[in-house]
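The values are calculated or read from the model by the stated rules, or taken from the named source; none is laboratory data. Here the structure is a predicted model, which is why all the values come from computation and not from measurement. No Cβ is skipped: glycine too gets one built from the backbone with ideal geometry, and neighbour counts run over all protein chains shown.
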Amino acid sequence: MLALINRILDWFKSLFWKEEMELTLVGLQYSGKTTFVNVIASGQFSEDMIPTVGFNMRKITKGNVTIKVWDIGGQPRFRSMWERYCRGVNAIVYMVDAADPEKIEASRNELHNLLDKPQLAGIPVLVLGNKRDLPQALDENGLIERMNLAAIQDREICCYSISCKEKDNIDITLQWLIAHSRSGVR
């Protein structure tokens with residue numbers, strides 16, 4: 001009965017209160033950032049993705065939450081832009097190709113370099129290990145270890161293993177993002 005009352009209250013609140021959040025999506029090239037945006041926006045997966053040049057911005061509405069997503073290119077020439085787009089957001093989503101062991105070290109170094117920036121202190125980080133549908137992909141525990149996430153102490157950090165292709169764990173990723181919309185725009 002209490003659950004029903006809470007759902008009715010949530011529905012009633014959604015009629016009057018809209019929540020917004022802003023997040024930045026970063027990670028090395030070919031990790032699946034733009035694919036992730038397309039999957040959460042439309043539920044559609046496509047193999048034919050063109051690498052992001054510079055950045056793309058997209059607004060996605062889920063329930064009463066509008067998510068403004070900055071999808072930043074992952075090529076080396078764009079990584080210096082990451083910090084600028086991460087300032088003042090509700091959350092940073094860091095995408096990792098969990099099936100490419102040769103890029104894990106570079107990915108770890110880029111993440112830690114980004115989070116060392118004083119302007120980004122305290123911003124929550126969601127690390128997504130994409131491509132879990134591939135046999136050699138790291139799971140959450142492997143990602144936590146190889147990305148040295150335990151060393152990040154100055155903020156909330158969360159890690160999920162996902163597959164944009166199979167839409168695995170996209171729902172819990174969205175739940176995490178929606179929960180962080182309630183923390184308000186920084």
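Out of segment 136-163, which residues are without any contact (Cβ under 8 Å) to a residue 40 or more places away in the chain and among the small types (G, A, S)? Listed by number, the residues that qualify are A137, A150, A151, S163. Inside segment 80-99, residues that are out of contact with any Phe, Trp or Tyr (no Cβ under 7 Å at 6 or more places or on another chain) and in contact (Cβ under 8 Å) with a residue 40 or more places away in the chain make up a count of 11.
Filtered by the rule that a residue be of a type in the set (G, A, S) and either surrounded by 10 or more Cβ atoms within 10 Å (Cβ to Cβ) or not in a loop (DSSP other than H, G, I, E, B) (or both), segment 32-53 gives G32, A41, S42, S46.
Restricting segment 128-159 to residues that are among the polar types (S, T, N, Q) and out of contact with any Pro (no Cβ under 8 Å at 6 or more places or on another chain) leaves a set whose member that is surrounded by the most Cβ atoms within 10 Å (Cβ to Cβ) is N130.
In segment 54-69, of all residues being in contact with a strand residue (DSSP E or B) (Cβ under 7 Å, 6 or more places away or on another chain) and under 20 Å from S163 (Cβ atoms), the one that is surrounded by the most Cβ atoms within 10 Å (Cβ to Cβ) corresponds to V69.
Picking from residues in segment 137-154 that are modelled with pLDDT of 95 or more and not in a helix (DSSP H, G or I), the one that is nearest to L174 (Cα to Cα) is D139.
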